[in-house]
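We did not get these values from a lab; they are worked out from the coordinates using the rules stated. Quantities reported herein were computed from a predicted structural model and do not represent experimental measurements. Counting neighbours? That spans all protein chains shown, and the Cβs are built from the backbone with ideal geometry, glycine included.
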Amino acid sequence: MTGTNTGRFRTTGARAAAGAAAGALAVLLAAGCSTAQDAEESPSEANASDGTYPVTVETAFGEVTVEQTPERVVALGFAPAEAALSLGVEPVSVAEDPDALEQSVPWMAEEIADTADPGLLGADGEPNLEAIAAAEPDLILAQTYQVADQTAFDNLNAIAPTVLPATDALNVDWDERLLKTAEALGRPTEAEELISQIRAEFTEIGATVPDIEERTYQWVRADADGYGFGNGSLFELFGLRPAENQDNTQGSDPLSREHTADLDADLLAVWAPSQEERQQLDDDPLFQNLPAVEAGTVYYADLAFANAINSAGPMSLRWIAEELRPVVEELG
């Protein structure tokens with residue numbers, strides 16, 4: 001299936017915002033006490049940081065060497081394609097359905113309209129090796145959930161160097177994906193600058209609410225019999241904090257309809273996948289009496305928003321920021 005990852009209802013998050021800051025501090029501390037041995041950087045490590053080739057990239061299935069500047073990048077989905085486009089590299093082929101782009105990824109529909117090719121993935125969502133090889137890639141950007149094991153990775157990597165984040169997480173944090181893509185494309189500085197810009201843009205919107213750090217959020221999917229929590233950590237980029245029952249790990253049981261009143265966050269984002277579920281929200285007095293509904297700080301998500309938050313990147317994040325801006329500002 002191309003175009004959506006919403007069946008998992010896992011979303012990328014802002015968890016890496018704090019982690020990256022801590023990581024940056026660790027790097028600075030390490031640099032301050034480096035030894036001569038630490039300074040003996042391998043050529044591939046040096047090249048990864050200065051944008052020259054060859055570069056060696058650490059992936060979830062081992063190291064991959066990209067011998068020269070990639071000219072034919074194949075992206076197995078909108079998320080890796082977005083990472084490449086944000087860094088100024090246009091993939092020659094993207095595993096998406098061209099007829100569904102306006103509905104599923106409106107923030108980048110125009111950019112990939114001519115390169116979208118659903119045939120890069122099979123009906124089961126697995127990479128179609130023959131179709132990928134026919135695109136003659138010199139770099140393949142894959143998503144972690146598409147590569148089941150070492151054999152699957154080796155099959156792709158035999159076609160062209162295949163890069164995906166060095167994690168087994170199904171949903172990779174947006175900045176982690178961007179930085180890993182930037183390694184392969186020789187554009188790490190551009191990625192770091194872009195990450196800083198995106199965070200600053202969210203912070204600026206959140207700053208319109210004087211006590212934003214005291215305001216809470218919840219992000220849920222409305223099902224026929226209750227509400228399932230999604231990973232809403234991206235809302236923290238505004239400065240919001242999760243409500244006490246907001247489960248970004250997605251390990252808790254769904255919230256039953258009879259406990260709808262527990263959706264009491266200051267900002268509530270809810271995705272009703274079908275018209276029937278949306279109508280149920282409109283007809284449910286328990287939902288209509290929620291604080292966010294009464295205050296006008298509820299956001300009704302659609303498929304595009306679910307895709308964006310599920311596999312975020314710089315372009316979709318800016319789209320999300322503008323989608324949520326009126327609701328966030330209403331908190332003030």
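Of the listed requirements (1) in contact with a strand residue (DSSP E or B) (Cβ under 7 Å, 6 or more places away or on another chain); (2) surrounded by 21 or more Cβ atoms within 10 Å (Cβ to Cβ); (3) within 23 Å of Ala321 (Cα to Cα), Thr216 misses just one: (2). For segment 254-332, the helices (runs of 4 or more DSSP H) that sit wholly inside it and include 1 or more residues that are loosely packed, with under 13 Cβ neighbours inside 10 Å are 275-283, 285-288, 291-295, 314-330.
Quick check on this structure: which one of Arg278, Arg241 is among the basic types (Lys, Arg) and under 23 Å from Phe202 (Cβ atoms)?
Numbers: Arg278 fails: under 23 Å from Phe202 (Cβ atoms).
Going through Arg278, Arg241 in turn, the sole match is Arg241.
Whenever a residue of segment 93-116 is among the charged types (D, E, K, R), its partners that are part of a loop (DSSP other than H, G, I, E, B), lying with C-beta atoms within less than 8 angstrom and at least six residues away or across chains, give the pairs Glu96/Thr2; Glu96/Gly3; Glu96/Gly77; Glu96/Val105; Glu96/Asp117; Asp97/Thr2; Asp97/Gly3; Glu111/Glu90.
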